[in-house]
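J.: If you scroll down you'll find the structure; I have some questions about it.
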């Protein structure tokens, strides 16, 4: 921890999803290391998942109950997508808790918050606290949704309107939703306060916007956001994993088993497959995907989470009967948690079939691994997939625009192209080159240092007298 004469008390307040909590915690660790006092706010179960840190205080807000939310639920990973709106309603009931906390903690100078708590910057302003909206995904995804005026009263009022590149993009891009993707995300929005409304109010009321990206990767989108928002928009880098984090699983028995299996394979020959903590497919689509993986003929590790495909249908039926017997020796199906970083870092892994979650993408490109892009139908996963396909660090699996269906043959073809195909050799070269941007801790810390300096030297514009 550095000695800091400009020491600030900073509150950190993420949305109730592990894909949000984790980057917020990584940012907290950096700010704590700079000498600031950090209060990390979340619900009890989410805080229990985080490792203790000597310079971060955990502040627990019990989550109020709302009808429709299963008792004891505190995270999106515990819910089917159509019940996520009830979690948002419960989250909105934390306004009194945040108000009380800011009343009692009179030395807080900043709150770093998510967009789903659109009320947080307003509450902060009422208490003389400055606010930062931390976007845990790409600047391009933010730019796709446009300025608050477009979000609140623009022409895009139906899912179909989000399937074309926005007219305000001032650079070449193919980033837009497929219809099945935006319809899938529509299901997890709260009708009383849609994600579009939440994002607009957050951007309007916050002082600074930061994105988990860098100008080396998204300079055009960052510049566009500054024009659209008329306020500071800063990159904070990719928050890459340090070598210490990578080696923390070296003594884990599960990693020992996986490591031995990977050691037996040739360099850059293995496909790693994982869909994060929350993406679910129907059984039919999972079976089609499995047949495509099998047809590719390549060695693979497939990590399957122990969560329902849909409500009431358990994971034992995720893969086709006899699949594991047919691929024995060549393929390894791994149920439950797996040390993703260590797997991606292994020299035998030559590609990653991913749902396009930004955390997973950053980890993979941080090790220079090319991507087989199979976007989940929620959040901005489809937008990320288009961005990465356009940057030629991965290839998308072709899918029906309206239904999301695909064929095992197309899955097999894209897998083979990305890992061993001559036509996609440039994708592997580009992915290896991306390691210098996504995985360089010192370069990424430069953007964190700039953000820290902004917090320490901030002079807010005086309001009306």
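The values are calculated or read from the model by the stated rules, or taken from the named source; none is laboratory data. None of these values were measured; they are calculated from a predicted model. All Cβ positions, glycine included, derive from the backbone under ideal geometry; neighbour counts span all protein chains shown.
Let's see how each residue does on (1) more than 19 Å from the chain's Cα centre (by Cα); (2) in contact (Cβ under 8 Å) with a residue 40 or more places away in the chain; (3) assigned by TED's automatic domain parsing to the domain that holds residue 337; (4) closer than 23 Å to residue 193 by Cα:
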site	(1), (2), (3), (4)
32	yes, no, no, no
42	no, no, no, yes
48	yes, no, no, no
51	yes, no, no, no
76	no, yes, no, yes
79	no, no, no, yes
105	yes, yes, no, no
117	no, yes, no, yes
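J.: I've got another one for you. Go over the candidates 425, 446, 435 one by one and state the one that is within 24 Å of the chain's Cα centre (by Cα) and either assigned by TED's automatic domain parsing to the domain that holds residue 365 or crowded, with 16+ Cβ neighbours inside 10 Å (or both).
T.: 435
J.: Can you name the residue in the stretch 389-426 that is in contact with a strand residue (DSSP E or B) (Cβ under 7 Å, 6 or more places away or on another chain) and over 17 Å from residue 273 (Cβ atoms) and is also modelled with the lowest pLDDT among such residues?
T.: Here the answer is 424.
J.: Given the conditions (1) assigned to a helix (DSSP H, G or I); (2) surrounded by fewer than 22 Cβ atoms within 10 Å (Cβ to Cβ), report the number of the one that residue 27 does not fulfil.
T.: (2)
J.: While we're on this one: Among the numbered criteria (1) within 29 Å of residue 281 (Cβ to Cβ); (2) outside any loop (DSSP other than H, G, I, E, B); (3) in contact with a strand residue (DSSP E or B) (Cβ under 9 Å, 6 or more places away or on another chain), which one does residue 91 miss?
T.: All conditions pass for residue 91, except number (3).
J.: Being more than 21 Å from residue 239 (Cα to Cα), at pLDDT below 95 and either crowded, with 24+ Cβ neighbours inside 10 Å or not assigned by TED's automatic domain parsing to the domain that holds residue 294 (or both): is that true of residue 379 here?
T.: Here the answer is no, as residue 379 does not meet what is asked.
J.: Got a sec? Which of 449, 409 is under 30 Å from residue 219 (Cβ atoms) and either without any contact (Cβ under 8 Å) to a residue 60 or more places away in the chain or touching a helix residue (DSSP H, G or I) at 6+ places or on another chain (Cβ under 8 Å) (or both)? So that I can check it myself, show each step before the final result.
T.: Working: 409 fails: under 30 Å from residue 219 (Cβ atoms).
Sole residue among the options that is under 30 Å from residue 219 (Cβ atoms) and either without any contact (Cβ under 8 Å) to a residue 60 or more places away in the chain or touching a helix residue (DSSP H, G or I) at 6+ places or on another chain (Cβ under 8 Å) (or both): 449.
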